[in-house]
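Below is one structure, written out as structure tokens; comments come after it.
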Amino acid sequence: MEIYCLTDFKSAVDKLSKKKSYNNIEKEIIVYFCKNKIEDILSGTRLNHSQTEPYIKKRIHGSGGFRFYYLVSIPKNTVYLMFVHPKTGSEGSDNITDDSKAKIYKDVLDAIKKDDLIKVEEKNAVLIFTPKKP
């Protein structure tokens, strides 16, 4: 399985990982996305009705954890991480608006079309972000 993310997703991870109360975000991404098969990450609330490319929101690490928004392309065996926010703490929020959900969905479709994505990989328990375009 390949994993990509939007620039805004990487920025959010970078910002959150610097805060003590959210410094486990990279570990959560590694455990849930990098260590699982594609069929294991299809659980969560589907925000569209696609069987082959579901847009999912998923809470990871319980009520004090993070909410992830991502697109799964089952035929391509690819996951696109779009947005993340903590559920609690100084940066925490309950949910994002429907307009925000629609915008990040449009953003990921545009990024896929333009091939303007960042590859996400795990190496030695560390996340590596590599832009697809030089």
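Data for the structure
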read-out: Residue (of Ala102, Ser90, Tyr80) at the positive-pole extreme of segment 66-118, dipole from beta-carbon charges; value: Tyr80
read-out: Cross-link pairs Lys76/Lys123; Lys19/Lys113; Lys20/Lys114 - those with Cα-Cα distance over 29 Å; value: Lys19/Lys113; Lys20/Lys114
read-out: Rough spin-label spacing in nm, given labels placed 7 Å along Cα→Cβ, for Thr52 and Glu2; value: 1.7
read-out: Theoretical gain in end-to-end length, Asp40 to Asp110 [0.36 nm per residue, Cα-Cα removed]; value: 22.6 nm
read-out: Separation in nanometres of the label points that stand 7 Å from Cα toward Cβ, at Lys132 and Lys19; value: 3.0
read-out: Reachable aspartates and glutamates, given that their alpha-carbon falls under 14 Å from the alpha-carbon of Lys15 and they are not under 8 places away in the same chain; value: Glu26, Glu91
read-out: Placed amide H near Gly65: partners under 5 Å, 5+ positions off or other chain; value: Lys87
read-out: Residues with amide H under 5 Å from that of Met82, placed H, sequence gap 5 or more; value: Tyr69, Tyr70, Leu71
read-out: Too-long pairs where the Cα-Cα distance tops 21 Å, listed order kept, from Lys37/Lys101; Lys18/Lys57; Lys10/Lys58; Lys18/Lys87; value: Lys37/Lys101; Lys18/Lys57
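No value in this document is a laboratory result; all are computed from the given coordinates. The shown structure was predicted, so the numbers you read here are calculated from the model rather than taken from an experiment. Cβ coordinates were reconstructed from backbone atoms using ideal geometry, including for glycine residues, and neighbour counts include every protein chain displayed.
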